[in-house]
Amino acid sequence: MSDVSVLGLGLMGTAVASAIVEGGREVTVWNRTATKAEKLRERGAGVAESAVAAAQASPVVISVLTDSAALRTALGDDVRLDGRTIVNLATGTPNHAIETDAWVRERGGRYLHGTIAAYPKDIGQPGGGVVFSGPAEIWNELEPTLLLLGGTTNHAGDNVGDACALDLGMLIFYMAAEGAFQEALAFASAYGVSPRRLLNHTLPTVAILERELRDSVDRVEKGDYSTDEATIDTFFACMELATTSSYDIGLRGPMAEGARKLYQRAVEAGRGADLPAALFPLLLEKPAPQAD
């Protein structure tokens, strides 16, 4: 028996397996394309011929396969997981985590879900890691091994879907912000402003944005959206100008237009005098049922 088995040796899976090997654990690995396991074999890892064989080789099985469905397919519906803890690091929805937890428990195993907020090169480093959710007793038992994945590794709570909810919520912000910046670069360049000049103009606003994000959470918790500073009306007017200027030069990027529509929705709902955090309760409202 080894200590840990790792299923899936793409870039992230290889980084995960490498960090655990470097941490002094006995590791078994499996990948559908067996040649990807050779470097880990050279470093002392065992190589299983199948996902089921890998699961049988260790009490802890870490899956870094494409998604939860790939994990279930690799192990098969007939697998028994008695005495095994499945640690699933696939990006997915909270429902995916809940469904896979039930699937594992039906087969006698235990389940912990993790989401990776890092690049492969960050795994095992102080700034990298994995956020886990699931029963605290499983986390407490596996913590010394799971902390090998990086300094930011932590347990987010007993609800198995929480790690996915946190991860996707963060990605909505992070990836939308990344896309918005690329659209901003294209906009500025079309008007003859270099990307470097826009970067230098934009970077000072990052600290301001952090302050406003913290204030948004405070306001959401208090339910107080009043302001004597920038209102939703102001944000809407700015995005009106941004989209008009984009159209003037033939750009039709979705980010500014999406923001304009979001602020317009708030204005039409009578929230124009509030601060942007007032979008929060508006977005939680369920749409009215459509008439037949």
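The values are calculated or read from the model by the stated rules, or taken from the named source; none is laboratory data. Note that the coordinates shown come from a computational prediction; the quantities given were computed from them, not determined experimentally. Note: ideal-geometry Cβ built from the backbone for every residue, glycine included; neighbour counts use all protein chains shown. Areas reflect the complete protein model, heavy atoms only, side chains present, ligands, DNA and RNA absent. Shrake-Rupley method; radii C 1.70, N 1.55, O 1.52, S 1.80 Å.
Assorted remarks:
- Euclidean distance between Cα centres, the range 9-79 to the range 180-214, Å: 42
- Counting Lys and Arg as +1 and Asp and Glu as -1 over every other residue whose Cβ lies under 15 Å from the Cβ of VAL130, the net charge comes to -3.
- Accessible carbon and sulfur surface of the range 180-252 relative to its total accessible area, %, 1.4 Å: 59
- For the chain, the longest piece that avoids every one of the GluC sites (Glu not before Pro) found in DSSP loops with at most 11 other C-beta atoms within 10 Å covers 50-228.
- Distance cut-off 23 Å, percentage of C-alpha pairs in the chain lying past it: 64
- Rolling a 1.4 Å probe over the heavy atoms of the protein chains gives the range 1-49 an accessible area of 52 Å² per residue.
- Once the 1.4 Å probe is applied to the protein heavy atoms, the range 217-259 comes out at 64 Å² accessible per residue.
- The ellipsoid equivalent to the alpha-carbon distribution of the range 64-139 has semi-axes of 23, 14, 11 angstrom, derived from the gyration tensor eigenvalues as √(5λ) and listed largest first.
- Difference of contour (0.36 nm per residue) and Cα-Cα distance, ASP228 to ILE249: 4.1 nm
- Using C-alpha pairs under 8 Å with a sequence gap of at least 6, the mean separation divided by the residue count of the range 70-179 gives a relative contact order of 25 percent.
- Partners for LYS261 among lysines (Cα-Cα distance below 22 Å; same-chain residues under 8 apart left out): LYS286
- Across the range 163-173, computed HN-Hα scalar couplings (Karplus, 6.51 cos²θ - 1.76 cosθ + 1.60, θ = phi - 60°) run 4, 5, 5, 5, 5, 5, x, 4, 5, 4, 6 Hz from first to last residue, x flagging Gly and Pro.
- Note: relative contact order over the range 231-292, using C-alpha pairs below 8 Å and six or more positions apart, is 43 percent.
- Solvent-accessible area, 1.4 Å probe, carbon plus sulfur percent, for the range 1-157: 49
- Net charge contributed by nearby residues that have their C-beta within less than 15 Å of ILE208 (K/R +1, D/E -1): -2
- Karplus-derived HN-Hα couplings along the range 202-215 (A = 6.51, B = -1.76, C = 1.60, θ = phi - 60°), whole Hz, x at Gly and Pro: 8, 3, x, 7, 5, 5, 5, 4, 4, 4, 6, 5, 5, 5
- Calculated from backbone phi, Karplus (6.51, -1.76, 1.60) coupling profile of the range 110-126 in Hz, x at Gly/Pro: 10, 9, 9, 10, x, 10, 9, 9, 6, 8, x, 5, 8, 5, x, 9, x
- Less than 5 angstrom separates the built amide H of VAL29 from those of VAL6, GLY46, VAL47, ALA48, all sequence-distant by 5 or more or on a different chain.
- From helices alone, the chain scores -16000 deg cm²/dmol at 222 nm; the rule is -39500 (n - 2.57) for each run of n ≥ 4 DSSP H residues, then divide by the residue total.
- Listed by chain and number, the aspartates and glutamates placed with their C-alpha closer than 15 angstrom to that of LYS121 are GLU22; residues fewer than eight positions away on the same chain are left out.
- Degrees between helix 94-106 axis and first principal axis of the chain (Cα, 0 to 90, nearest 10): 20
- Computed over protein heavy atoms with a 1.4 angstrom probe, the accessible surface ordering of ASP101, ASP158, ASP215, largest first, is ASP158, ASP215, ASP101.
- Ellipsoid semi-axes in whole angstrom, largest first, where each is sqrt(5λ) of the Cα gyration tensor of the range 188-292: 28, 21, 11
- A convex hull fitted to the Cα coordinates of the range 18-123 yields 101 cubic angstrom per residue.
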